[in-house]
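Presented below is the structure to which this report refers.
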Amino acid sequence: MRLQMYENDKRRYEYRDIAVSLALLTRLPIPLKRDSFTRGARAAWAYPLVGVVISFILATLSGFLLWLGLESGAVALVILATSVVLTGAMHEDGLADCADGFWGGWEKDRRLEIMKDSQIGSYGVIALVLSLAARWWALSLLLDQGAYAALIAVPVVSRAAMPVVMAALPHARATGLSHAQGRPDATVAASAAGIGFVIAVLMLGWSAFSVAILAALTIAAVIAIARAKIGGQTGDVLGATQQLVEVVLLISLFG
C-alpha cells in the first residue's frame, strides 16, 4: 500500500513538473494551481521535454508548409517566427541581455544593471541578428535535406543544457526568475542531460555523440564566461545558453 502511494505521488510530481516547465518556458496556456511552482528548480529535469513539445509543433508545421509547396527558406522563416511566439522570445531576450551586459560593462554590478535594463544595445542587436541569421540558414539546409529528426533533437538538447548551467553556477543576483526557481542539484541536472541525450540518440543515432560533445563544450564556454563576467548565472544566462547550444548544433549538423 505504501509503495503504491509512493508511486502515485511520484507520478503526480512528474506530471506536474512537466506542466510547470511548459508554463515557465513557453506561452502555451497550461492550467496550473497556484502552488504548482513550489518545487522550483527540482522540476528542471523536465526542461528537455518542453523541447519535445515545441519541436513536435515546429516539425508538424514545417511538414504541412512544405506539402503546400513553400520553399525551404520561407518555411524556415515561419518556423523561427513560430518558435519566438511559442516561447515569448525569452531565450532570445536572454541572449541579447547577456551580449549587452557582458561586453557593455566593466564590472559585475554594472553588467548586471545593463542586463536588467529593458532597452537593447548594439551588442544585443548584433547577437540577435547573427543568431537568427545562423538559425534560418541552418534550418533551410535542414529542410532541404529532409532531416526532420534533427528538428526534434536540437531543441531538446538545447533545453537540457539549461539545468546543467543552473546547477554549475550560483545565482549572480538575489532576485529574478532564475533565483525564484532556485538551484537544482546534480541529480536533477544529470536527469535533464540524460533525457536530452537519449532523445538525441533516438533521433540522430551515432551523430548524437558528436552533438553531446559540442553541447558540452558550448555549456563549458558559457559557464566560464558567465563566471568571469558576473560570478554566476541569471535567467538571461540560461536563455543565452539555450540559444548558443541551438546555434552551434544546427550549424555543426547542417552548415
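Here is the figure for region 118-145: residues that are farther than 26 Å from Val75 by Cβ and either crowded, with 16+ Cβ neighbours inside 10 Å or touching a strand residue (DSSP E or B) at 6+ places or on another chain (Cβ under 7 Å) (or both) total 3.
Yes/no matrix, rows are residues, columns are (1) basic (Lys, Arg); (2) part of a helix (DSSP H, G or I); (3) in contact with a strand residue (DSSP E or B) (Cβ under 9 Å, 6 or more places away or on another chain); (4) at pLDDT 95 or above:
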| position | (1), (2), (3), (4) |
| --- | --- |
| Ser36 | no, yes, no, no |
| Arg42 | yes, yes, no, no |
| Val50 | no, yes, no, yes |
| Ser55 | no, yes, no, no |
| Thr60 | no, yes, no, no |
| Gly63 | no, yes, no, no |
| Leu95 | no, yes, no, yes |
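Selection of first residues in region 214-237 that are within 19 Å of Phe197 (Cβ to Cβ) and of second residues that are open to solvent by less than 30 Å² (accessible area, probe 1.4 Å) and hydroxyl-bearing (Ser, Thr, Tyr), restricted to Cβ pairs under 8 Å at least 6 apart or on distinct chains, gives the following pairs, ordered by first then second residue: Ala215/Ser158; Thr218/Thr241; Ile219/Thr241; Val222/Thr241.
Can we say Thr241 is within 16 Å of Pro155 (Cβ to Cβ) and touching a strand residue (DSSP E or B) at 6+ places or on another chain (Cβ under 9 Å)? The answer is yes for Thr241.
Take the residues in region 228-248 that are farther than 14 Å from Asp97 by Cα and at pLDDT below 95; name whichever of them is least open to solvent (accessible area, probe 1.4 Å). That would be Gly232. Considering only region 85-97, how many residues are open to solvent by 10 Å² or more (accessible area, probe 1.4 Å) and either more than 20 Å from Gly121 (Cα to Cα) or in contact with a Phe, Trp or Tyr (Cβ under 9 Å, 6 or more places away or on another chain) (or both)? Adding up the residues that qualify gives 2. The residues of region 187-205 that are farther than 16 Å from Gln242 by Cα and part of a helix (DSSP H, G or I), listed by number, are Thr187, Val188, Ala190, Ser191, Gly194, Val198, Ile199, Val201, Leu202, Met203, Leu204.
Do the conditions hold for Ala167, that is, is it assigned to a helix (DSSP H, G or I), more than 20 Å from Val248 (Cα to Cα) and without any contact (Cβ under 8 Å) to a residue 24 or more places away in the chain? For Ala167, the condition - assigned to a helix (DSSP H, G or I), more than 20 Å from Val248 (Cα to Cα) and without any contact (Cβ under 8 Å) to a residue 24 or more places away in the chain - is met.
Of all the residues that make up region 107-117, how many are part of a helix (DSSP H, G or I) and either hydroxyl-bearing (Ser, Thr, Tyr) or open to solvent by 90 Å² or more (accessible area, probe 1.4 Å) (or both)?
Total satisfying the criteria: 4.
The values are calculated or read from the model by the stated rules, or taken from the named source; none is laboratory data. Remember, it's a predicted structure, so these values are computed and weren't measured experimentally. Note that we place each Cβ from the backbone using ideal geometry, even for glycine, and neighbour counts take in every protein chain shown. Note: areas computed on protein heavy atoms with side chains; ligands, DNA, RNA excluded. Shrake-Rupley method; radii C 1.70, N 1.55, O 1.52, S 1.80 Å.
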